[in-house]
Protein chains: 2
Amino acid sequence: MATKYKLNYFNTRGQGEAIRFLLSYGEVPFEDNRVSIHEWHQLKRATPFGKLPTLEVNNEVGYQTLAVCRYLGRQFKIAGNDAWEEAQIDAVADTIKDLNTETLDVYLAPDCESKEKLREKLVNETFPFYFSKLDKMVLDNGGFFVGGQLSWVDIFFTSGVEGYNVVGMDEDLLKNYPNLSDLNKNIRSLPAIQSWLKKRPFSAF
Amino acid sequence: MATKYKLNYFNTRGQGEAIRFLLSYGEVPFEDNRVSIHEWHQLKRATPFGKLPTLEVNNEVGYQTLAVCRYLGRQFKIAGNDAWEEAQIDAVADTIKDLNTETLDVYLAPDCESKEKLREKLVNETFPFYFSKLDKMVLDNGGFFVGGQLSWVDIFFTSGVEGYNVVGMDEDLLKNYPNLSDLNKNIRSLPAIQSWLKKRPFSAF
């Protein structure tokens, strides 16, 4: 019997979109359960640690975005060819998560003044620092982050690029990083991902 | 030829201690390179993303604490028996990392007033929330976090318990959580870990 996947997340891209991208890449059907704020108040206590996304796999509950992405990467055979490649993929994923956390800190800043100060640092220092290193990595690895072939962290990265719009960045964000820009375009051009992009509901972030 | 491990970290327990615990558990010799602040200014640019710890494995550089811990867990055959167990181990590890991040936020609070406010929330809400769930998990899994047997996340958890002293918590922190408390004692009693605890240099945190 086919594996039954149910993603529980809010009606946004956010953290859940990486999982939606991976499930789409794997071309497996999944229930895309979008939880309203009203439902969330009831559901929260039933989650492992009060957070979404969770991914139910044949009714067993997986949680933590990267743990779920890594699991799906293994299922779809895009999780590295050996233990060292796996470790490199994991390290890039945690690095991108660090960057996403810094971005979220700007979005969540308590007032305009601190937000603008944090945003300037993010745009002028943090993004260039991370993106220049990540761009070099993709250049050195034949168009992918690790091992010269597609892995789940390439999809994880791409699924998050749009998310930088929460701090006012658009797709031009990658214009100075040709290898990251190509990686982003290539992943988004995959037929299975294209199909997802066309059918997903609109959300602002 | 035996694998050559070199850990680069500061002269503290901090993030590096989890890796030291795991290398000790695996009973492999490793160079415990403790980087002074002076050295760090020179070394920083040579790290993958300006951060420590890094673990050199036969001169190749691994980074991101959890990626390194997971890699060592696999080398030492304590990384789960199947893909689902691996995902559960990963999810617990990221959950503990979330808790550690909240703890660090208290430590790094910019002034006494906000520190005390954050600390109260941590001690009265956050720790009880996480620890009660983690305690139940250990109860349900025969004394370990996942699958009724030791995995690297048990060692990751234990290596961090002392770290909660940065917000003024001592070992009593676990007194209301008998299963976590036993897990912590059991891991610390393993001969290979005991041996590490006896020989490691003192550091305050």
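Remarks
- Candidates A:178, A:152, A:201 compared by Cα position along the dipole of region A:73-205: farthest toward the positive end lies A:201, with charges placed on Cβ.
- Residue among A:70, A:13, A:34 with the largest mean-square fluctuation in a Gaussian network model of chain A, springs linking Cα atoms under 10 Å: A:34
- If you take the Cα centroid of region B:163-198 and the Cα centroid of region B:134-153, the two points sit 15 Å apart.
- Taking amide H atoms as placed 1.01 Å from N in the peptide plane, the amide H of residue A:10 lies under 5 Å from those of A:35, each 5 or more residues away in sequence or on another chain.
- Under the shape rule built on the C-alpha gyration tensor, where the axes satisfy a ≥ b ≥ c, region A:83-190 is prolate, since a/c reaches at least 1.5 and a/b is greater than b/c.
- For residue A:186, inter-copy label distances in nm, listed shortest first [label point 7 Å out on the Cα-Cβ vector]: 4.6
- Simple label model, 7 Å out from Cα along Cβ direction - residue A:125 to residue A:107, nm: 2.2 nm
- Plainly put, the tip 7 Å out from Cα toward Cβ on residue A:107 is 2.7 nm from that tip on each other copy, the closest given first.
- Charge dipole (Cα centre; +1 on Lys/Arg Cβ, -1 on Asp/Glu Cβ; no other charges) of the protein assembly as shown amounts to roughly 340 debye.
- Label point distance in nm, residue B:51-residue B:136, each placed 7 Å from Cα along Cα→Cβ: 3.0 nm
- Here region A:83-190 is assigned +1 on the Cβ of each Lys and Arg and -1 on the Cβ of each Asp and Glu. Its dipole about the Cα centre then comes out at about 180 debye.
- Stretch gain in nm, segment residue A:38-residue A:117, where the contour uses 0.36 nm per residue and the Cα spacing is subtracted: 25.0 nm
- Between residue B:149 and any residue 5 or more places off or on another chain, the built amide H atoms are never under 5 Å apart.
- Under the span-like rule (Cα at least 27 Å along the axis, Kyte-Doolittle mean at least -1.0), DSSP H helices of chain B: B:83-107
- Residues in region A:30-38 carry Karplus couplings, in order, of 8, 7, 9, 6, 9, 8, 6, 4, 4 Hz; the curve used is 6.51 cos²θ - 1.76 cosθ + 1.60 with θ = phi - 60°, and Gly or Pro positions show x.
- Rounded, prolate or oblate (a/c below 1.5 giving rounded, otherwise prolate when a/b exceeds b/c) for chain B by Cα gyration tensor: oblate
- In nanometres and ascending order, the distances from the residue A:2 label point to those of the other copies are 5.2 (point 7 Å from Cα along Cα→Cβ).
- FRET efficiency for residue A:170 and residue B:200, using Cβ-Cβ distance with R0 set to 41 Å, rounded to 0.05: 0.25
- Largest mean-square fluctuation among A:48, A:128, A:110, in a Gaussian network model of chain A whose springs join Cα atoms under 10 Å apart, belongs to A:110.
Quick note: the coordinates plus some simple rules give every number you see, no bench work behind them. These figures come from a predicted structure and were not determined experimentally. A quick note on method: Cβ atoms are made from the backbone with ideal geometry, for glycine too, and the neighbour counts reach across all protein chains shown.
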